[in-house]
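See below for the structure under consideration.
Each reported figure results from applying straightforward, stated rules to the coordinates on display, with no laboratory input. Predicted model, so just to flag it, every value in this text is computed and none were measured. Using ideal geometry, Cβ is built from the backbone for each residue, glycine included, and neighbour counts are taken over all protein chains shown.
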Amino acid sequence: PMAFFSLEMPNRSLVWRMLCIRSGVDASRIRSGIVTRSDYQGIVIAAGELDKAQIFIDDSSSLNEIELRARARRLQKEHDIKIIFIDYLQLMSSSRRYDSKNTEVSEISRSLKSLAKELNIPVVALSQLSRAPMQRQTKEPILSDLRESGAIEQDADVVLFVHRPAFIDKNTEEDKNLAKIIIGKQRNGPVGTVRLVFDGKSTRFADFTDEIIRP
């Protein structure tokens, strides 16, 4: 069981995205309702799998750290959730007023670390990046690019960046479907880069193989 706090995307859109990812069906076909028999069968199977997956989605557009903690505690007590996802950190608000967004994000970051320790489960928080990579010759993100607070870098046990070279730099010689998971920080392990393939039609990532990448 897992909890997904989606401050950016409504529940319905998130479920459709999950169906695309799980089934591999072209997202545009699902949106238009024009699907093949094979597509339909894949969607039905994916829907059944998601139904059994025990994914609890909270799509409140406004959420502070106290509300998040209370809801997470309840979900763990009632459903024994094993992991929490938050999309995304900068959209959360604080229960207290701060002079700057930087300070507010720092306090929220620390509260998430405290929550993970209290519930003894991973808390995965998505974060925005600054525009600094766009101003560098090397576009790959680094820890200092985490937006609005250095506390995110300090509090996190693991920092993963999703980097798509062709999306950032249209003139890159790298394959347009190549994606990189850059392990920017890992408290108890090595850092490095893992190559994946991004399928834009189904909005999902897959293992990197020469057969999957298309010109």
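Hey, what number do you get for the chain at 222 nm if only DSSP H runs of n ≥ 4 count, each worth -39500 (n - 2.57), divided across all residues, to the nearest 500? Numbers along the way, then the final one.
Numbers: 7 runs with 78 residues, N = 215.
Computed mean residue ellipticity for the chain: -11000 deg cm²/dmol.
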Counting Lys and Arg as +1 and Asp and Glu as -1, each charge on the Cβ, what is the dipole of the chain about the Cα centre in debye, to the nearest 20? 220 debye
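What number in nm² do you get for the chain if you take the convex hull of its Cα atoms and divide its surface by four?
Values: hull surface 55.7 nm².
Answer in nm², one decimal: 13.9.
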Give me, ordered by chain and number, the residues 5 or more places off ILE83 or on other chains with an amide H under 5 Å from its own placed amide H. ALA3
State, as an integer percentage, the relative contact order of region 2-156 based on alpha-carbon contacts under 8 Å between residues 6 or more apart. 26 percent
Counting sequence-distant residues (5 or more places) and residues on other chains, those with an amide H built under 5 Å from that of LEU196 are ALA179, LYS180, ILE181
Would you mind working out the magnitude of the charge dipole of region 157-215 relative to its Cα centre, with +1 at each Lys and Arg C-beta and -1 at each Asp and Glu C-beta, to the nearest 20 Debye? 240 debye
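What is the Å³ per residue value for the convex hull set by the Cα atoms of region 157-215? Write out the running numbers ahead of the final one.
Details: hull volume 5.7 nm³, N = 59.
That works out to 96 Å³ per residue.
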Can you tell me the length gained on complete extension of the stretch PHE208 to ASN64, counting 0.36 nm per residue apart and subtracting the Cα distance? 48.0 nm
Under 20 Å Cα-Cα from LYS113, which lysines qualify once same-chain neighbours fewer than 8 residues away are excluded? LYS77, LYS82, LYS101, LYS185
Using only the C-alpha atoms of region 110-215, find the volume of their convex hull and express it per residue in Å³. 129 Å³
Amide H within-cut-off set for ASP58, under 5 Å, with H built and near neighbours excluded: PHE4, PHE5, SER6
Determine ³J(HN,Hα), in whole Hz, for all residues of region 116-128 in sequence, where each value follows from phi through the Karplus function 6.51 cos²θ - 1.76 cosθ + 1.60 and θ = phi - 60°; x replaces Gly and Pro. 4, 5, 5, 7, 6, 9, x, 10, 9, 10, 6, 9, 6
In percent, what relative contact order does region 157-215 have, based on Cα pairs under 8 Å that are 6 or more apart in sequence? 29 percent
Rg/Rh for region 119-159 to two decimals, with Rh computed the Kirkwood way over all alpha-carbon pairs. 1.05
